[in-house]
1. Could you list, in sequence order, the residues of the stretch 57-73 that are open to solvent by 30 Å² or more (accessible area, probe 1.4 Å), in contact with a strand residue (DSSP E or B) (Cβ under 9 Å, 6 or more places away or on another chain) and in a loop (DSSP other than H, G, I, E, B)?
2. Can you tell me which residue is least open to solvent (accessible area, probe 1.4 Å) among those in the stretch 358-379 that are part of a loop (DSSP other than H, G, I, E, B) and closer than 20 Å to Gly73 by Cβ?
3. Is it fair to say Tyr143 is at pLDDT 95 or above and buried (at least 18 other Cβ atoms within 10 Å of the Cβ)?
4. Can you name the strands (runs of 3 or more DSSP E) wholly within the stretch 201-276 that have at least 1 residues being more than 17 Å from Ser311 (Cβ to Cβ) and more than 22 Å from the chain's Cα centre (by Cα)?
5. Among the residues of the stretch 353-361, is any hydroxyl-bearing (Ser, Thr, Tyr), farther than 23 Å from Leu89 by Cβ and at pLDDT 95 or above?
6. With the requirement that a residue be out of contact with any strand residue (DSSP E or B) (no Cβ under 7 Å at 6 or more places or on another chain) and more than 15 Å from Gly289 (Cβ to Cβ), what does the stretch 228-274 give you?
7. When the residues of the stretch 104-147 are filtered to those that are aliphatic (A, V, I, L, M) and more than 24 Å from the chain's Cα centre (by Cα), which remaining residue is nearest to Ser158 (Cα to Cα)?
8. Please verify whether Ser158 is surrounded by fewer than 16 Cβ atoms within 10 Å (Cβ to Cβ) and under 30 Å from the mean Cα position of the chain (by Cα), treating the condition exactly as stated.
Amino acid sequence: MDKNKVDIIEKRKKRRFHRSMLRLLVLLLIAAFCVFLYMERGNWISGMGNRIESIRQNDGVLAEGNFPLTISGNGEYQAQILDNRLAILNNSYLYLYSVQGDSVDTRQVAYTKSVLKTAGEYALCFENGGSGFRVDKAGDAVYEKEAENVIITGTISSTGYVALVTESSTYSCSLYVYDTSGKKVYTRNCVERINDVCFRADNSGCVIVQLDAEDGEITSWLRSITFEEKETSWETPTVSTLCLETSFTNDGRICVIGDSMCAYYNEKGQMESMYTYSGSLVSYHVENGQAAVLVRSDETRETNLILFEGSAESPVEIAVNNASSYVRIDNSAAYLMSTDNIVSYSFSGKAIATVGLDRAYERFLKQDDYLFLLSYDQIDRVNFNQ
């Protein structure tokens, strides 16, 4: 055979051999990769699951044992968190329960129509339409007194200072402030109605919200008071809203929740930012200057949860279920309740955790990793972990 033909045949054999070896190597690499994926299947499936389901799912199993707590009467009970206790005011008695549902204490409140307010480790009970009021702690009653006139409303600070707004024979209302021992430390007579009182952290004074009407429209404004001085420290211009609640931020500014807007003021009473709702206010809560409002639009039939983290300039808006009805803030997170679940959100708008509800509840309270679910005549408890 010609030598050149032999060389060509040999080269073709070598090329076929190299191609065969390359195919074999590729097949071996693919097989090795498949084995690796099989061996690591638990990890990558778990990772995929974490990416798909980033919100924590609580099991929604209702607590047993002492729960549910059954409420006697006509369903007009009041429930609040008092320190680490569940406080229930019903039928002229104040009942205290542990988070496990154990009865801790029962105290008689001898008022016809009582109102319960709590802050930290202090509770205020006052007689709506009467003059009696008392201050309690989880461990024991602190004091009981009579106000100067019929009480319209009242509030208590987390350090035990009490503010009462009462009727007056010569003014629209009067403001009385009491220290932790029940000693009166401030009195003010007001021409306009007081709708809210918010204590400063050091109890040196407070900010009050006053209401008026201009051209048939409700207006509100803030007035800063120092208990050691008679004159007002500052006063804001009026805004066209019914101011519902105020709260100090940690740096001393003031958040105002109105029925049509949310606003923030600096330490001198100057407005920093304001946001007007595009719809009707359904529910709201403000804590340490962080606010959450639930707004429903009659035009678009959409419901939005709006979160304010210290400013009303650029709030976070989240489109939520139209069945959403109640919102609370706890430990810098917003908790939104609808008919079938409760979802927690960070103030960046991220959904953190959720729990399903088997029945509809009117509202809820949060303490530690528990949610107390309040209905007409009973209180359930469910775990809620972030």
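The values are calculated or read from the model by the stated rules, or taken from the named source; none is laboratory data. Just so we're clear, the structure is a prediction, and the values are computed from it rather than from any experiment. With ideal geometry, Cβ positions are generated from the backbone for all residues, glycine too; neighbour counts draw on all protein chains shown. The accessibility values were calculated without ligands, DNA or RNA, using every heavy atom of the protein model including side chains. Shrake-Rupley method; radii C 1.70, N 1.55, O 1.52, S 1.80 Å.
1. Step one: of the stretch 57-73, the residues open to solvent by 30 Å² or more (accessible area, probe 1.4 Å) are 57, 59, 61-62, 64-66, 68, 70, 72-73.
Keeping just the survivors that are in contact with a strand residue (DSSP E or B) (Cβ under 9 Å, 6 or more places away or on another chain) gives 57, 59, 61-62, 66, 68, 70, 72-73.
Listed by number, the residues that qualify are Asp59, Val61, Asn66, Pro68, Ser72, Gly73.
2. Narrowing the stretch 358-379 to residues part of a loop (DSSP other than H, G, I, E, B): 358-362, 368-369, 375-377.
Narrowing the set further to residues that are closer than 20 Å to Gly73 by Cβ leaves 361-362, 375-377.
On the way: Tyr361: 23, Glu362: 116, Ser375: 4, Tyr376: 119, Asp377: 69 Å².
Of everything passing the filter in the stretch 358-379, Ser375 is least open to solvent (accessible area, probe 1.4 Å).
3. Working: at pLDDT 95 or above: yes; buried (at least 18 other Cβ atoms within 10 Å of the Cβ): no.
No.
4. Values: elements: 205-214, 217-226, 243-248, 254-258, 261-265, 271-276.
The strands (runs of 3 or more DSSP E) meeting that bar are 205-214, 217-226.
5. Filtering the stretch 353-361 for residues hydroxyl-bearing (Ser, Thr, Tyr) gives 354, 361.
Next, from what is left, pick out any that are farther than 23 Å from Leu89 by Cβ: 354.
Keeping just the survivors that are at pLDDT 95 or above gives 354.
Yes: the stretch 353-361 contains one or more residues that are hydroxyl-bearing (Ser, Thr, Tyr), farther than 23 Å from Leu89 by Cβ and at pLDDT 95 or above.
6. Residues of the stretch 228-274 out of contact with any strand residue (DSSP E or B) (no Cβ under 7 Å at 6 or more places or on another chain): 228-231, 250-252, 267, 270.
Passing the criteria: Glu228, Glu229, Lys230, Glu231, Gln270.
7. Kept after step one, since they are aliphatic (A, V, I, L, M), are these residues of the stretch 104-147: 104, 109-110, 115-116, 119, 123-124, 135, 138, 141-142, 147.
Next cut, more than 24 Å from the chain's Cα centre (by Cα) only: 104, 109-110, 135, 141-142, 147.
On the way: Val104: 21, Val109: 21, Ala110: 24, Val135: 12, Ala141: 16, Val142: 14, Ala147: 21 Å.
Across the stretch 104-147, the extreme among qualifying residues is Val135.
8. On the way: surrounded by fewer than 16 Cβ atoms within 10 Å (Cβ to Cβ): yes; under 30 Å from the mean Cα position of the chain (by Cα): yes.
It is true that Ser158 is surrounded by fewer than 16 Cβ atoms within 10 Å (Cβ to Cβ) and under 30 Å from the mean Cα position of the chain (by Cα).
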